[in-house]
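Visitor: One structure is given below, represented as C-alpha cells, and several questions about it will come after.
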Amino acid sequence: MTDSKRRTLLKGSLAAGSVGVAVGAGLLRPGQALADWNAAAFQARDVPTALTKLLGSETAEMSARIKIKVPDIAENGAVVPVTVETDLPGVTSISIIAVDNPIPLVASFELAESAMPFVSTRIKMAKTSDVIAVVRAGDRLYKNAQNVKVTVGGC
C-alpha cells in the first residue's frame, strides 16, 4: 500500500516539475489559453445595455431560422439545458440571454465562419422568463425567444 502512494507522489511531482519547467522556459503561457472577457457586457443589468456592449447594437431582427431547444418547464433553475442552432449563413457569434435574470447575458460564443452554427450549454435562471438567442450573421443581428417556466430558481 505504501509503495503505491510513493509512486503517486513521484508521478505528481514529476508532472508538476515538467509544467514548471515549460512555463519557466516560455514554452507554455497560461494567459494565451484564456478567453477574451467582455466584462461590461456580462455585468450589465438590462438586455439593451448587454447587447450594445457585446454586439454594438440592441436591435435584432426576429428570425424563425434560429431554433432554441429549452424545456417548457425547468424543475431546477440552477441547471437549464439550452441548445441553439441556425441555418443562417455566415454566423460568427451566438449569445444566450435570460431576460429576468439579475444579469441577463448568460453566454456568448464566437464562431469561425466555417464552424457549424450550433451551441449547447446549461444555464442558471432565477425565475420564469424568456430565453433569447441572438445570432450575428454577417453584419446583421437576428434573434428568437422561448419562454421557460422555472419551478425552483437557480440564481
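The values are calculated or read from the model by the stated rules, or taken from the named source; none is laboratory data. If you're wondering where the values come from, they're calculated on a predicted model, not measured in any experiment. Cβ placement follows ideal geometry from the backbone for every residue including glycine, while neighbour counts extend to all protein chains displayed.
Visitor: Please work out which residue is surrounded by the most Cβ atoms within 10 Å (Cβ to Cβ), limiting yourself to region 51-67 and to residues that are in contact with a Phe, Trp or Tyr (Cβ under 9 Å, 6 or more places away or on another chain) and within 16 Å of Ala41 (Cα to Cα).
Guide: Leu54
Visitor: Which residues, counting only those in region 97-155, are in contact with an Asp or Glu (Cβ under 6 Å, 6 or more places away or on another chain) and closer than 19 Å to Val80 by Cβ?
Guide: If the condition is that a residue be in contact with an Asp or Glu (Cβ under 6 Å, 6 or more places away or on another chain) and closer than 19 Å to Val80 by Cβ, then Val99, Phe118, Lys127, Ser129, Ala145, Asn147, Thr151 are the ones that fit.
Visitor: Give the residue, chosen from Lys149, Lys127, that is of a type in the set (Lys, Arg) and out of contact with any Gly (no Cβ under 6 Å at 6 or more places or on another chain).
Guide: Only one candidate qualifies: Lys149.
Visitor: Within region 108-128, how many residues are closer than 13 Å to Ile68 by Cβ and assigned to a strand (DSSP E or B)?
Guide: 5
Visitor: Here are some residues: Val84, Val99. Which one is farther than 16 Å from Leu141 by Cα, within 17 Å of the chain's Cα centre (by Cα) and surrounded by 13 or more Cβ atoms within 10 Å (Cβ to Cβ)?
Guide: From the options Val84, Val99, the qualifying one is Val99.
Visitor: Any residue at all in region 96-104 that is touching a Pro at 6+ places or on another chain (Cβ under 7 Å), closer than 22 Å to Ala44 by Cα, among the aliphatic types (A, V, I, L, M) and in a strand (DSSP E or B)?
Guide: Yes, region 96-104 contains at least one residue that is touching a Pro at 6+ places or on another chain (Cβ under 7 Å), closer than 22 Å to Ala44 by Cα, among the aliphatic types (A, V, I, L, M) and in a strand (DSSP E or B).
Visitor: Follow-up question, since we're still on this one. State which residue is surrounded by the most Cβ atoms within 10 Å (Cβ to Cβ) when the search covers only region 68-80 and only residues that are touching a strand residue (DSSP E or B) at 6+ places or on another chain (Cβ under 8 Å) and under 13 Å from Val106 (Cβ atoms).
Guide: Here the answer is Gly77.
Visitor: Let me ask something else about it. Go through region 52-72 and report how many residues are under 20 Å from Lys124 (Cβ atoms) and either in contact with a helix residue (DSSP H, G or I) (Cβ under 7 Å, 6 or more places away or on another chain) or in a loop (DSSP other than H, G, I, E, B) (or both).
Guide: Residues in region 52-72 being under 20 Å from Lys124 (Cβ atoms) and either in contact with a helix residue (DSSP H, G or I) (Cβ under 7 Å, 6 or more places away or on another chain) or in a loop (DSSP other than H, G, I, E, B) (or both): 4 in total.
Visitor: Output yes when any residue across region 128-140 is modelled with pLDDT under 95, of a type in the set (D, E, K, R) and within 11 Å of the chain's Cα centre (by Cα), and no when none is.
Guide: no
Visitor: I would also like to ask the following. Scan region 129-152 and give yes if some residue there is free of Cβ contacts under 8 Å to residues at least 60 places away in the same chain, surrounded by fewer than 16 Cβ atoms within 10 Å (Cβ to Cβ), under 22 Å from Ala44 (Cα atoms) and hydroxyl-bearing (Ser, Thr, Tyr), otherwise no.
Guide: No, region 129-152 contains no residue that is free of Cβ contacts under 8 Å to residues at least 60 places away in the same chain, surrounded by fewer than 16 Cβ atoms within 10 Å (Cβ to Cβ), under 22 Å from Ala44 (Cα atoms) and hydroxyl-bearing (Ser, Thr, Tyr).
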